[in-house]
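The structure appears right after this line, and notes come after that.
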Amino acid sequence: MAHDPYAALRYREYRSFLGASFAVALGTQVQTAVLGWQVYAITGDPLSLGLVGLAEALPFLALTLLGGWAADRLDRRLLSLLSAAAICASGAWVLVVSLGQPRSALPFYAVQALAGVGRAFYRPAFSALGSELVPREHYHNATSWRVSLFHTAQVLGPAAGGLLIALGGPRSAYAVVVALLVAGVGLMAAIAPRPRPSAPRGRVLADLGDGVRFVFAEPLLLGTMSLDLFAVLFGGATALLPVFARDVLGTGEVGFGLLRAAPAVGSVAMSLLLARRGHFERSGRALLWAVAFFGVSWIAFALSTSYALSLVLLAAGGALDSISVVLRGTLVQLRTPPDKMGRVAAVNSFFIGSSNELGAFESGLAARLLGTVPSVVFGGMMTLVTVGLVAWRAPALRRLGRLVQ
C-alpha cells in the first residue's frame, strides 16, 4: 500500500487537536521567550534564567504522575481543557505583572510555577487524547504532523516574542499570549468528550506507579526516554540564548528571537520530511546517530562567534532533535496499552520535563560556575558520552528496525 503523507489529517477531530496543540504551544513559546528576556534584563545573571526553568520544573515534576493517573481515569478532553485553562491563567497573570514596572524576578518565577502545574496535567492528558483520534497504523504520521506543528510554534513563538518586545514591549507580547491560549481552549472544545471506562478501584499510589513500572519493564521505551533525558539535560542550552545573543553575538531583541526560533526551523523541515517519507528501516541507529550529532551541533554553536553560522548550527540541532521526538513519540504510542496511555505519557512527560526545565537550571548553574561557552561545550560532550552508554547498555535499541510493518 502506498504511503499517504496526509493520513492523519483526514480525521476532523485530529485537525482540531492539531489546531489546539499549535495555539497552546505558540502561546507558551512566546511567553517563555519574552519572560526569559525580561528576567535577564532585570537581573543580568545567567543563573536567573536557570531559576525560571526550575520554577516550572518543580511543580511539573511533582504532579505529572498524578496528571497521568487522572488522564487514565477521567475524560481526557475535559482534563485537557481544564489544565489548558490553568496555563492560560499564567499568561494572564504575567500580563498583569508587566502592567507595572517589575524590578524583581520573583513574580516571574511564580508565573512559571503556575504554568508548571497546568502542564503537569495538560501534557499527559492531551498526549493520550491524541492517541484516541487516529487508528494505530497512522500513529507515525500523526506524530510527525504534531511535532511539525509544535516546532512551527517554536519557530514563530520566539521570533514573534522578540518582534513584539521591540514594537510594543512585553505587555503587547503577553496580550497575544492570552489570546492564543484562549483560542487553543476553544479548539479543544470542538473535540467530542472522551469519558473513560470505569476502572477497578485500587490504591492510588499503586496506580500512580503503574506507568513507571511499565516503562522500566520495556527496554526500548526506557532506552529512548533515557537517551532524551540525559542528551537534552546536558546538550541543550536554549535557556542561555539571551546570554549568547547579548554578550557573545552582540544582537538585540529581534536577533535573539531568531536565535530562539532557529532550532524549530530545522525541526519543522525534518518533521515534514519524515511525514512524507514514511518510516526508518533502522530506527534505533537513526535515533542514536541523530542524538550524537545533536550534541556535536551544540559544541560547534558554543564555539561560534558568527551570528549566521550560529543560526545554521541551531537549525541543524533542531532537525536532529526532531528525529528523536518523532521516533520516541511513535514508539510510546505503539508499545503502550490504551488503558495505560495517560500514565505512560506522564512518565514520558517527566523525562521530557526533567531534560528541558531542569536542563535550563543546569545550564544556568553551569554557566555561573564554568562560564557560558565552556558550560555548553561540556554539555555537548556529555551528550556524546550518553549516546555511547545507551548504545552499549540497550542492544535492543541498536537493533530496532521499522516501527510499523
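The values are calculated or read from the model by the stated rules, or taken from the named source; none is laboratory data. Model, not experiment: these values are computed from the prediction. Because the Cβ atoms are built from the backbone with ideal geometry, glycine has one as well, and the counts that use them run over all protein chains shown.
For the structure I just gave you, tell me whether R146 is surrounded by 15 or more Cβ atoms within 10 Å (Cβ to Cβ), at pLDDT below 85, of a type in the set (D, E, K, R) and within 21 Å of the chain's Cα centre (by Cα).
Yes: the conditions hold for R146.
Consider region 180-239. How many of its residues are buried (at least 20 other Cβ atoms within 10 Å of the Cβ), at pLDDT 80 or above and not in a helix (DSSP H, G or I)?
1
Of the residues S310, S267, S283, which is at pLDDT 90 or above and either surrounded by 18 or more Cβ atoms within 10 Å (Cβ to Cβ) or basic (K, R) (or both)?
S310
Here is a list: T32, T64. Which entry is farther than 21 Å from A153 by Cα, of a type in the set (S, T, N, Q) and either out of contact with any Asp or Glu (no Cβ under 7 Å at 6 or more places or on another chain) or not in a helix (DSSP H, G or I) (or both)?
Unique residue meeting the criteria: T64.
If I filter region 118-128 for residues that are in contact (Cβ under 8 Å) with a residue 12 or more places away in the chain and surrounded by fewer than 19 Cβ atoms within 10 Å (Cβ to Cβ), do I get at least one hit?
For region 118-128, residues in contact (Cβ under 8 Å) with a residue 12 or more places away in the chain and surrounded by fewer than 19 Cβ atoms within 10 Å (Cβ to Cβ): absent.
Which one of G44, G68, G100 is surrounded by 17 or more Cβ atoms within 10 Å (Cβ to Cβ) and modelled with pLDDT under 90?
G68
Specify the residue that is nearest to the chain's Cα centre (by Cα); the eligible residues are those in region 103-115 that are among the hydrophobic types (A, V, I, L, M, F, W, C) and buried (at least 16 other Cβ atoms within 10 Å of the Cβ).
Only one residue fits best here, namely A115.
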